[in-house]
Amino acid sequence: MTAHTPPLEPHTELEARYSSPDATATPWTEAVSCLERAEIFWLSTVRQDGRPHVTPVMTVWTDGALHFTTGERERKVLNITGNPQVALTTGTNTYGEGCDLVVEGEAVRVTDEGRLAALATLWEAKYGSEWHFDVHEEAFRSPAHDVRSLVFRVVPRTAFGFGRGARFSQTRWHFTR
């Protein structure tokens with residue numbers, strides 16, 4: 001894992017072309033609250049031949065980044081090894097309510113065992129004891145299933161929010177480092 005990067009405040013802008021006339025940009029703090037609560041995200045990666053690969057993952061949001069885990073031999077890992085640029089999306093599947101979020105960034109493997117231990121605690125707190133992980137050899141290990149899983153961190157480079165309801169809005173958050 002690279003050195004810890006503190007969370008940044010993004011440049012926030014409303015895309016008026018795709019928003020209701022009286023809409024306002026969604027504050028980043030509101031988006032973060034949704035990222036923290038969301039249980040399922042869709043991870044988009046790209047295969048070596050350029051074809052997309054999309055799969056559901058569970059995440060935790062902490063320290064300004066989304067974190068996800070995956071088996072070390074899964075398609076996601078192969079794709080990330082070739083191209084670490086990913087998108088994580090979450091939201092609702094209804095038209096007239098909710099907010100969909102898209103987070104784009106680079107998937108970086110977390111290998112620091114202290115950091116992994118902290119993340120394992122967060123995973124279990126969010127998803128329950130069924131998702132208990134031990135940390136072993138720079139990865140998560142599920143004692144219940146004896147499966148080794150790698151952990152990745154995605155710091156947002158750009159994020160989008162699509163609000164629906166009484167007012168529709170499209171917000172873009174851009175993070176500069």
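Label-to-label distance for Asp146 and Asp63 is 3.2 nm, based on points extended 7 Å past Cα in the beta-carbon direction.
Think of the chain as having a plus end and a minus end, set by charges on the Cβ of Lys, Arg, Asp and Glu; of Tyr18, Ser149, Ala87, Tyr18 sits farthest toward the positive end of this dipole. Report the Cα centroid-to-centroid distance between the stretch 110-177 and the stretch 8-40 in angstrom, as an integer. The two parts, judged by their Cα centres, are 20 Å apart.
One decimal place: the segment Leu8-Glu106 gains 33.7 nm when fully extended, by the rule 0.36 nm per residue minus the C-alpha distance. Taking 7 Å steps out from each Cα toward its Cβ at Leu78 and Ala117 produces label points 3.5 nm apart. In this structure, Ile40 and Thr176 have a Cβ-Cβ separation that, at R0 = 30 Å, corresponds to a calculated FRET efficiency of about 0.55.
Taking the inverse of the average 1/r across all pairs of different Cα atoms in the chain, what Kirkwood radius in Å do you get? Result for the chain, one decimal place: 17.0 Å.
All other residues whose Cβ lies under 12 angstrom from that of Ala120 are scored, Lys and Arg at +1 and Asp and Glu at -1, for a net of 0. Considering only beta bridges that DSSP places wholly inside the chain, some 100 percent are antiparallel. In terms of its C-alpha gyration tensor, the stretch 87-177 has an oblate overall shape, because the principal axis ratio a/c (a ≥ b ≥ c, square roots of the eigenvalues) is not below 1.5 and a/b does not outweigh b/c.
With the charge dipole of the chain set up from +1 on Lys and Arg Cβ and -1 on Asp and Glu Cβ about the Cα centre, the Cα lying farthest toward the positive end among the listed residues Pro27, Gly161, Thr111 is that of Gly161.
Relative contact order for the stretch 1-131: 22 percent, from Cα pairs under 8 Å spaced at least 6 residues apart, divided by residue count. For Glu137 and Glu124, the difference between the fully extended length at 0.36 nm per residue and the C-alpha to C-alpha distance is 2.7 nm. Given +1 at the Cβ of Lys and Arg, -1 at the Cβ of Asp and Glu and no other charges, the dipole of the stretch 12-92 around its Cα centre is 440 debye to the nearest 20.
Where a number appears in this text, it was derived from the coordinates with a stated rule and is not lab data. All of these numbers come straight from a predicted model, not from anything done at the bench. Quick reminder, even Gly has a Cβ in these numbers, built from the backbone with ideal geometry, and neighbours come from all protein chains shown.
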